[in-house]
Amino acid sequence: EAGVTQSPTHLIKTRGQQATLRCSPISGHTSVYWYQQALGLGLQFLLWYDEGEERNRGNFPPRFSGRQFPNYSSELNVNALELEDSALYLCASSLYRGTGGGYGYTFGSGTRLTVV
Amino acid sequence: ELKVEQNPLFLSMQEGKNYTIYCNYSTTSDRLYWYRQDPGKSLESLFVLLSNGAVKQEGRLMASLDTKARLSTLHITAAVHDLSATYFCAADRGSQGNLIFGKGTKLSVKP
């Protein structure tokens with residue numbers, strides 16, 4: 001069974017540009033979550049999508065947005081990139097809606113975004 | 001607001017020694033998770049703890065949960081170099097879709 005897949009692995013953008021990150025959940029998982037891991041800030045919850053809708057978002061500005069497609073894959077968009085957006089962005093999926101439940105969350109390998 | 005605190009944040013151990021990582025959380029949590037992260041890599045799920053008194057073991061790692069004390073521990077037995085990594089505990093509550101992570105414990109096992 002394929003795990004959570006993310007693309008691209010690395011992304012280099014210039015300040016002010018837009019970045020698009022992609023995630024495909026494990027087959028059968030409808031919930032997709034996005035997390036940011038920035039140096040010194042730890043792992044922070046960004047967004048939760050389920051059944052095509054944004055269900056919850058963390059304490060991030062509106063220029064962080066995304067969507068979920070009918071096949072449950074998801075896209076994270078970061079507009080007007082700032083230097084501090086440089087981080088590892090992790091996507092996860094879960095069997096249960098909004099929680100890892102007894103099986104936990106499965107994380108993808110991440111996208112390393114560098115803003116120069 | 002659910003907060004998760006881990007300690008220690010850094011741990012240097014000798015091979016063969018035992019040690020425990022502590023994870024405290026501030027309010028009632030339904031589930032507690034432990035993850036391992038190698039440098040530059042993603043998070044690998046280690047344990048899912050669901051109820052008070054839950055204990056799970058995998059190799060040299062054992063995790064436990066005390067919901068009354070709001071405390072989970074990750075015990076390392078007879079550490080080996082391969083266990084060097086950063087370990088995170090995390091908690092979620094209800095079905096809100098947000099996992100709250102501790103800051104992580106960077107473990108270094110030296111010969």
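Rounded to two decimals, the Cα radius of gyration of segment A:40-116 over 2.2 N^0.38 Å is 1.14.
Computed on the Cα atoms alone, the convex hull of segment B:39-94 gives a volume of 96 cubic angstrom per residue. For chain B, the relative contact order comes to 37 percent (Cα pairs under 8 Å, sequence separation of at least 6).
As a rough footprinting exposure proxy, the listed residues A:SER24, B:SER26, B:SER45 were ranked by other beta carbons within 10 Å of their own, and the order from fewest upward is B:SER26, B:SER45, A:SER24. Think of the protein assembly as shown as a dipole: +1 on every Lys or Arg Cβ, -1 on every Asp or Glu Cβ, centred on the Cα centre; then among A:GLY110, A:ALA92, B:GLY16, B:GLY16 lies furthest on the positive end.
Computed over chain A, relative contact order equals 36 percent, with contacts defined as Cα pairs under 8 Å that lie 6+ residues apart. Among the listed pairs A:LYS13/B:LYS103; B:LYS17/B:LYS110; B:LYS41/B:LYS110; B:LYS3/B:LYS56, a Cα-Cα separation exceeding 19 Å is found for A:LYS13/B:LYS103; B:LYS41/B:LYS110; B:LYS3/B:LYS56.
Shielding by partners for B:39-47, please: the mean number of other protein chain Cβ atoms within 10 Å of each residue's Cβ.
Per residue, the number of nearby Cβ atoms from other chains is 5 on average.
Rounded to whole Å and ordered largest first, report the semi-axes of the equivalent ellipsoid of segment A:56-99 derived from its Cα gyration tensor (root of 5λ).
On the way: eigenvalues 97, 30, 22 Å².
Values for segment A:56-99, descending: 22, 12, 11 Å.
Using the Cα centre of segment B:4-110 as the reference point, and only Cβ charges (+1 on K/R, -1 on D/E), how large is the resulting charge dipole? Debye, rounded to the nearest 20. Don't jump to the answer; show the numbers that get you there.
On the way: 12 positive and 9 negative charges, 29 e Å.
So the magnitude is around 140 debye.
Here the calculated FRET efficiency for A:TYR96 and A:THR5, from their Cβ-Cβ distance with R0 = 22 Å, stands at 0.60, rounded to the nearest 0.05. What you get for the protein assembly as shown, charging only the Cβ of Lys and Arg (+1) and of Asp and Glu (-1), is a dipole of about 340 debye around the Cα centre.
Ordered from longest to shortest, the equivalent ellipsoid semi-axes for the protein assembly as shown are 30, 20, 15 Å, each the square root of 5 times a Cα gyration tensor eigenvalue. Given a cut-off of under 8 Å on Cα pairs at least six residues apart, what relative contact order in percent is computed for segment A:1-45? The value is 33 percent. P(r) for segment B:13-64, from all Cα pairs and a bin width of 5 Å, is 4, 14, 23, 25, 20, 10, 3, 0 %, short bins first. Shown here for segment A:47-116: trypsin sites (Lys or Arg not before Pro) in loop regions (DSSP other than H, G, I, E, B) with at most 14 other Cβ atoms within 10 Å, namely A:ARG63. With 5 Å bins beginning at zero, the pair-distance distribution over Cα atoms of segment B:1-110 amounts to 2, 13, 25, 26, 19, 10, 4, 1, 0 %.
The numbers here are math on the coordinates, done by the rules we state, and not lab data. Because the structure is predicted, anything quoted here is derived from the model rather than measured. Virtual Cβ from ideal backbone geometry, glycine too; neighbours counted across all protein chains shown.
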